[in-house]
Amino acid sequence: MKIKTLIAAVTLSMALASCSKDDDNYTPQPISGVSVYHASPTTEKLDFYVGTNKANQADFAFGNKIEYLNVYSGERQVTIKKKGAEASVVTEKLTFEPQTGYSLFVADKFDALKFLLLKDDLTKPAASKARVRFINLSPDAPALNLSIAGKDTDLFTNKLFKEYSTFETIDAADKVTFNVKNTTGGALATSIADVKIESGKIYTIWVKGLVAATDDTKIGVVVSEHKL
């Protein structure tokens with residue numbers, strides 16, 4: 001379910017509570033939203049669980065994203081397993097604030113999997129603008145900068161593995177090229193061209209994969225829209 005349904009879900013719960021004749025002490029549970037990103041450079045397909053409930057119906061492969069899920073607020077156990085397996089690869093208790101959106105990244109190499117939980121600022125951009133955030137999720141990459149082709153100044157700078165920026169405002173455009181460069185020396189690490197950046201939208205731009213790889217887990221950059 002999308003993040004914009006959070007308030008609707010809470011409102012519905014409150015309405016049902018007000019109509020209840022059987023339980024005057026009913027209190028609706030607050031809701032949070034979390035999207036989940038497979039950022040581990042592995043060919044393993046994964047299953048993602050909140051508590052005992054599997055959240056993904058389709059294959060959850062490297063570079064994939066599970067759109068915003070509604071979860072009960074407070075402390076929740078989240079788990080990653082290999083596709084179809086019973087044993088957990090990593091499990092952790094995370095805390096979610098009510099009516100707040102989060103991005104949860106499954107990060108690092110498969111034998112060292114960990115979670116990176118970030119709170120999403122979903123403030124709507126001004127007209128003809130968009131908002132973007134940058135995250136370095138390449139385990140063997142050096143510190144990285146993100147720039148827009150044709151601009152004199154880098155948009156974000158000096159982000160080591162698992163480091164991230166705040167959301168910043170950029171111009172909407174039909175075709176944007178994002179360049180990821182090594183902070184030291186400025187060599188191009190990876191890029192993505194002809195990205196449509198839409199007015200009023202919010203994006204996370206994240207570096208995936210391994211510098212040392214030449215297969216499907218090689219370094220790349222992903223532009224993910226926060227679908228509100």
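Bear in mind that the values in this text are calculations on the coordinates, not laboratory data. Values in this document were obtained by computation on a predicted structure and should not be read as measured data. Please note: Cβ atoms are built from the backbone with ideal geometry, for glycine as well, and neighbour counts cover all protein chains shown.
Observations, loosely collected:
- As a rough footprinting exposure proxy, the listed residues S73, S103 were ranked by other beta carbons within 10 Å of their own, and the order from fewest upward is S73, S103.
- Selected from V34, Q77, G200, residue furthest toward positive end of dipole (the chain; charges at beta carbon): G200
- Acute angle (nearest 10 degrees) that the helix 5-19 long axis makes with the longest principal axis of the chain, alpha-carbon atoms: 10
- The alpha-carbon of K159 sits under 20 angstrom from the alpha-carbons of these aspartates and glutamates, leaving out residues fewer than 8 places away in its chain: D108, D120, D121, D140, E168.
- Among the listed pairs K45/K201; K151/K196; K82/K109; K45/K196; K181/K227; K65/K227, those whose Cα-Cα separation exceeds 23 Å are K45/K201; K45/K196; K181/K227.
- Restricting the trypsin sites (Lys or Arg not before Pro) of the stretch 91-138 to loop positions (DSSP other than H, G, I, E, B) with no more than 16 neighbouring Cβ atoms within 10 Å leaves K109.
- A convex hull fitted to the Cα coordinates of the stretch 129-228 yields 97 cubic angstrom per residue.
- Between G150, G74, G209, the residue with the greatest mean-square fluctuation in the GNM of the chain (Cα pairs under 10 Å linked by springs) is G150.
- Electrostatic dipole magnitude of the stretch 125-228 [Cβ: Lys, Arg +1; Asp, Glu -1; Cα centre; debye, to 20]: 200
- Overall dimensions of the chain, expressed as equivalent-ellipsoid semi-axes from the Cα gyration tensor (√(5λ), whole Å, largest first), are 34, 23, 13.
- The chain: most fluctuating residue of V90, V132, V36 per GNM, C-alpha cutoff 10 Å: V90
- MRE, 222 nm, helices only [DSSP H, n ≥ 4, -39500 (n - 2.57), over the chain, to nearest 500]: -2000 deg cm²/dmol
- Selected from L210, L122, L94 as most flexible by GNM, with the chain as the system and alpha-carbon contacts under 10 Å: L94
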